[in-house]
Amino acid sequence: PTTKQTQPRKDSLADVNVITAEQIQSQAQNNKSLTHILSNVPGIQLSGESTLLGQGQGIYIRGTNSDQTQVLLDGVPINSLDLYGSPLRFLSGGDISKIEILQGNSSHLYGANAIGGVINIFTNQPTKDLYAEAFAGYGSNNTQKYSALISGGNDFVQGKIFAERLKTDGISSQRYALSTSRDADNDGYKNNNFAVGVNFTPFANKRQKFGLNYRQTIAKVHYDSGSVPPNGNFDDRSNIRLRQFSAFAD
């Protein structure tokens, strides 16, 4: 993390925390967003008025502003896509292999957005051996979650497909808080994640690898406004669409 190259954590001069895939999966199945998972790391705080799915959460490393943390998804910055600094709360934990958090000023390597630190998110890579997993869950307020991951190939080509759908009818945070019951509708949430990747190892010595990846997140979150004229019942909502293309040669 201090050189932009792989190194043992014990050799790093900076303060680095790693969240493993097992830790992410155990919380993601309970519909915990990445922001909530990251909030368990010492030195990271969340801001926001709600812990409901999709609601805005600013993330702060060591007291710096939320837009002073560089967020990378497979090496690609995803800052400035959301008023809260990055769309972390919309990303699925089901396709993440690990998260590295570099705390402290890293602007000399990662640019002006890294005054507070860097959150580096790594997704699952295609495997040669066949691997598959699926999850389905249902809960209160018509909350539904479905996900599937399949990966496999041979010595020359490996592929991966991941898909996830999460939706809930939600609740109203103001139905009982205001005597006028303004904006008393339930505030739902929908999130669809899809990812596909292909790796090529065309040469017999297997030292060269090439890859193509595509990822898409489409989400809609409804929220209470409470005071919008004339009666505060306007259907406030936010939409986000994140598409990421990447290619690499190693």
Q: Would you mind telling me which numbered condition in (1) without any contact (Cβ under 8 Å) to a residue 12 or more places away in the chain; (2) crowded, with 17+ Cβ neighbours inside 10 Å Y138 fails?
A: (2)
Q) In this structure, is S26 among the hydroxyl-bearing types (S, T, Y) and either modelled with pLDDT of 65 or more or touching a Leu at 6+ places or on another chain (Cβ under 7 Å) (or both)? A) yes
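Condition check ((1) of a type in the set (A, V, I, L, M); (2) more than 17 Å from the chain's Cα centre (by Cα); (3) at pLDDT 90 or above; (4) assigned to a strand (DSSP E or B)) across all residues:
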| site | (1), (2), (3), (4) |
| --- | --- |
| T127 | no, yes, yes, no |
| E133 | no, yes, yes, yes |
| K145 | no, no, yes, yes |
| L149 | yes, no, yes, yes |
| G170 | no, yes, no, no |
| N186 | no, yes, no, no |
| F194 | no, no, yes, yes |
(Q) Looking at P87, P77 in this structure, which one is open to solvent by 60 Å² or more (accessible area, probe 1.4 Å), modelled with pLDDT under 90 and either more than 17 Å from H36 (Cα to Cα) or not hydroxyl-bearing (S, T, Y) (or both)? (A) P77
Q: Please go through the stretch 111-125 and pick out each residue that is farther than 15 Å from G94 by Cβ and assigned to a loop (DSSP other than H, G, I, E, B).
A: G111, I115, G116
Q) In the stretch 143-171, what residues are surrounded by fewer than 18 Cβ atoms within 10 Å (Cβ to Cβ) and polar (S, T, N, Q)? A) T143, Q144, N154
Q) Any residue in the stretch 102-112 that is over 26 Å from K190 (Cβ atoms), free of Cβ contacts under 8 Å to residues at least 24 places away in the same chain, open to solvent by 50 Å² or more (accessible area, probe 1.4 Å) and hydroxyl-bearing (S, T, Y)? A) no
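Looking only at the stretch 90-101, count every residue that is open to solvent by less than 30 Å² (accessible area, probe 1.4 Å) and either part of a strand (DSSP E or B) or hydrophobic (A, V, I, L, M, F, W, C) (or both) and tell me the total. Let's see the steps before the verdict.
Taking the stretch 90-101 and keeping what is open to solvent by less than 30 Å² (accessible area, probe 1.4 Å), we get 90-96, 99, 101.
Of the ones still in play, those that are also either part of a strand (DSSP E or B) or hydrophobic (A, V, I, L, M, F, W, C) (or both) are 90-91, 96, 99, 101.
Counting residues in the stretch 90-101 that are open to solvent by less than 30 Å² (accessible area, probe 1.4 Å) and either part of a strand (DSSP E or B) or hydrophobic (A, V, I, L, M, F, W, C) (or both) gives 5.
Name the one entry in S181, S238, S225 that is surrounded by fewer than 17 Cβ atoms within 10 Å (Cβ to Cβ), in a strand (DSSP E or B) and at pLDDT below 90. Reasoning before the result, please.
Numbers: S181 fails: in a strand (DSSP E or B); S225 fails: in a strand (DSSP E or B).
Within the list S181, S238, S225, the selection yields S238.
The values are calculated or read from the model by the stated rules, or taken from the named source; none is laboratory data. Computed from a predicted structure; not experimentally measured. Every residue, glycine as well, gets a Cβ built from its backbone with ideal geometry; the counts of neighbours run over all protein chains shown. All accessible areas refer to the heavy atoms of the entire protein, side chains included, with ligands and DNA or RNA removed. Shrake-Rupley method; radii C 1.70, N 1.55, O 1.52, S 1.80 Å.
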